[in-house]
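Student: This is the structure I want to talk about, given as structure tokens.
The values are calculated or read from the model by the stated rules, or taken from the named source; none is laboratory data. Quick caveat, the model's predicted, so the values are computed rather than measured. Note that each Cβ is placed from the backbone with ideal geometry, even for glycine, and that neighbours are counted across all protein chains shown. Heads up: the accessible areas ignore ligands, DNA and RNA and are worked out on the full protein's heavy atoms, side chains in. Shrake-Rupley method; radii C 1.70, N 1.55, O 1.52, S 1.80 Å.
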Amino acid sequence: QVQLVESGGGLVQPGGSLRLSCAASGSFFYINVMRWYRQAPGNERELVAHITSSGITDYADSVKDRFTISRDNAKNTVSLQMHSLKPEDTAVYYCFAVGIVGVQRPNSPVWGQGTQVTVSS
């Protein structure tokens with residue numbers, strides 16, 4: 001069983017920066033795909049950033065050039081560095097993993113519990 005635990009959320013002023021981290025634990029060999037999603041009140045959950053085990057990344061248009069996703073495969077962690085934050089970035093941010101090698105159902109997605117990011121003056 002794989003668990004994802006996020007950290008690093010909080011309150012930040014517009015224009016500020018935050019770094020989110022997510023640690024995967026459990027019994028597995030490695031994780032192919034890790035992502036960050038977010039969900040604002042009244043909105044659907046949306047994909048923010050994506051990274052493969054080989055380091056290929058992709059971003060939502062709304063966060064390109066402001067957010068950077070990275071991972072440490074040895075530590076089974078993924079991070080999201082966020083700069084130039086805007087009020088519209090306010091949401092609960094969720095860590096996501098799929099393609100987990102070494103578990104019974106490698107294509108079953110795993111979600112973290114979420115961490116709140118609030119951008120406000």
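Student: Heavy atoms only, probe 1.4 Å: what % of the accessible area of the chain goes to carbon and sulfur, would you let me know?
Tutor: On the way: 3060 of 6480 Å².
Roughly 47 percent, rounded to a whole number.
Student: Moving to a separate point now. So what's the net charge close to Tyr37: Lys and Arg +1, Asp and Glu -1, counting the other residues with Cβ under 9 Å from its Cβ? Display every interim value, and only then the final one.
Tutor: On the way: positive: Arg35, Arg38, Arg45; negative: Glu46.
Around Tyr37, the surrounding residues sum to +2.
Student: I would also like to ask the following. Would you rank Glu6, Glu88 by solvent-accessible area, highest first, keeping every protein chain in place and using a 1.4 Å probe?
Tutor: Per-residue accessible area, sorted high to low, gives Glu88, Glu6.
Student: Per residue, how many Å² of accessible area does the range 1-49 show with a 1.4 Å probe? Spell out each step's value before the answer.
Tutor: Details: 2760 Å² over 49 residues.
Result: 56 Å² per residue.
Student: Looking at the range 13-121, which trypsin sites (Lys or Arg not before Pro) are DSSP coil and have at most 15 other C-beta atoms within 10 Å of their C-beta?
Tutor: Those satisfying the criteria are Arg45, Lys64, Arg66, Lys75.
Student: Now, a different point. With all protein chains present, calculate the accessible area of Ile51 using a 1.4 Å probe and round the result to the nearest 10 Å².
Tutor: 10
Student: Based on the alpha-carbon set only, what is the convex hull volume of the chain divided per residue, in Å³? Write out the running numbers ahead of the final one.
Tutor: Numbers: hull volume 11.1 nm³, N = 121.
Cα convex hull per residue, to the nearest whole number: 91 Å³.
Student: Right, next: What is the pair-distance distribution P(r) of the range 62-109, computed from all Cα-Cα distances in 10 Å bins starting at 0, with each bin given as a whole percent?
Tutor: Going out from 0 Å in 10 Å bins, the range 62-109 shows 20, 41, 28, 11, 0 percent.
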